[in-house]
Amino acid sequence: MPEKKSVEPLELTQEDYQAQHKQRLAHMPWLYHSLKPRLKVWAEPWQEELQLRIRSLETVTFGNSCFVAPSANLFAERGRDINIGNFTTIAANVFIHGPATIGNYVGINHGVSMDGGSSGITIGDHSRIACQCTFFAFNHGLAPDLLVREQAVTSKGITIGEDVWVGANSSIVDGIQIHDHAIVGMGSVVTQDIPEYAIAVGNPARVIGDRRDKPDAQWQWVLNGETRES
């Protein structure tokens, strides 16, 4: 066996480590809210500057303590506003075209695509959207005597309730409402409304269970500022 050559370690600077940490946060943005004080010293001003730039270029609003990855693309023309609640995180390579209203403590993971059409997308508090999901709040007509590019476009909007989990690589079509506490399994295509607490999977997605039936379920949610359990 040939002898392995020793490789001298790179002489890394504080800027190198900081750049690497920014990449980590961009792809795992839930880490942002648990940063140690010594990291917040540079991370919070970085986010303030980045969000200020987005707000200056687009009709986007951010709540308190939000995180948005530098590679996220938010487009919000007048009348297509994007409003983002407190403590919400938007990961790398996300695309959002308004109108969109995103609640508090929402997580949107890397590679998600959302287009609000003309009627918009609404996502309730505490919901989680896993990587590579697609939300399209518009549709094209199917008239056989017209080219696809000439079809009329309609928009009903998409509504995601509170505490909803949409699994990776799932697609939500226009006109859909996913009610509070529901779960959509990975790779699903949602073509009809999902009831509250339902577990739905497949293409097209169908309900296969209820979260309240799970033996390890511990229900706790916030209502009117109070924590209640059942």
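In table form, for the structure just shown:
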read-out	value
Residue selected from region 1-44 under the condition closer than 22 Å to Val94 by Cα and of a type in the set (D, E, K, R), by the criterion nearest to the chain's Cα centre (by Cα)	Arg24
Ile129 being without any contact (Cβ under 8 Å) to a residue 40 or more places away in the chain, buried (at least 23 other Cβ atoms within 10 Å of the Cβ), in contact with a Ser or Thr (Cβ under 9 Å, 6 or more places away or on another chain) and within 20 Å of Asp180 (Cβ to Cβ)	yes
Qualifying residue in region 74-86 (condition: farther than 19 Å from Asp115 by Cβ, of a type outside the set (Ser, Thr, Tyr) and touching a residue at least 12 places away in the same chain (Cβ under 8 Å))	yes
Only listed residue being charged (D, E, K, R), exposed (fewer than 14 other Cβ atoms within 10 Å of the Cβ), out of contact with any helix residue (DSSP H, G or I) (no Cβ under 9 Å at 6 or more places or on another chain) and at pLDDT 95 or above, chosen from Arg24, Arg80, Arg53	Arg53
Strands (runs of 3 or more DSSP E) within region 122-206 that include 2 or more residues under 25 Å from Asp81 (Cα atoms) and not acidic (Asp, Glu)	134-136, 158-160
Tabulated pairs, region 156-169, first at positive phi, second modelled with pLDDT under 95 and surrounded by fewer than 19 Cβ atoms within 10 Å (Cβ to Cβ), C-beta under 7 angstrom, 6+ apart or interchain	Asp163/Trp221
Residues (out of contact with any helix residue (DSSP H, G or I) (no Cβ under 9 Å at 6 or more places or on another chain) and crowded, with 21+ Cβ neighbours inside 10 Å) located in region 98-114	Gly98, Pro99, Ala100, Ile102, Gly103, Val106, Val112, Met114
Any hit, region 9-18, residues being surrounded by 18 or more Cβ atoms within 10 Å (Cβ to Cβ) and either in a loop (DSSP other than H, G, I, E, B) or at pLDDT 95 or above (or both)	no
Those residues of region 164-189 which are of a type in the set (A, V, I, L, M) and closer than 17 Å to His140 by Cα, in sequence order	Ile172, Val173, Ile176
Qualifying residue in region 57-66 (condition: modelled with pLDDT of 95 or more, within 21 Å of Ala100 (Cα to Cα), acidic (Asp, Glu) and surrounded by 11 or more Cβ atoms within 10 Å (Cβ to Cβ))	yes
Ala43 of a type outside the set (D, E, K, R) and farther than 23 Å from Ile123 by Cα	yes
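Residue-by-condition table, conditions (1) under 20 Å from Leu74 (Cα atoms); (2) of a type in the set (D, E, K, R):
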| position | (1), (2) |
| --- | --- |
| Lys4 | no, yes |
| His27 | yes, no |
| Val41 | no, no |
| Glu58 | yes, yes |
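The values are calculated or read from the model by the stated rules, or taken from the named source; none is laboratory data. Not measured: the values here are computed from a predicted model. Glycine also receives a Cβ, built like all others from the backbone with ideal geometry; neighbour counts cover every protein chain displayed.
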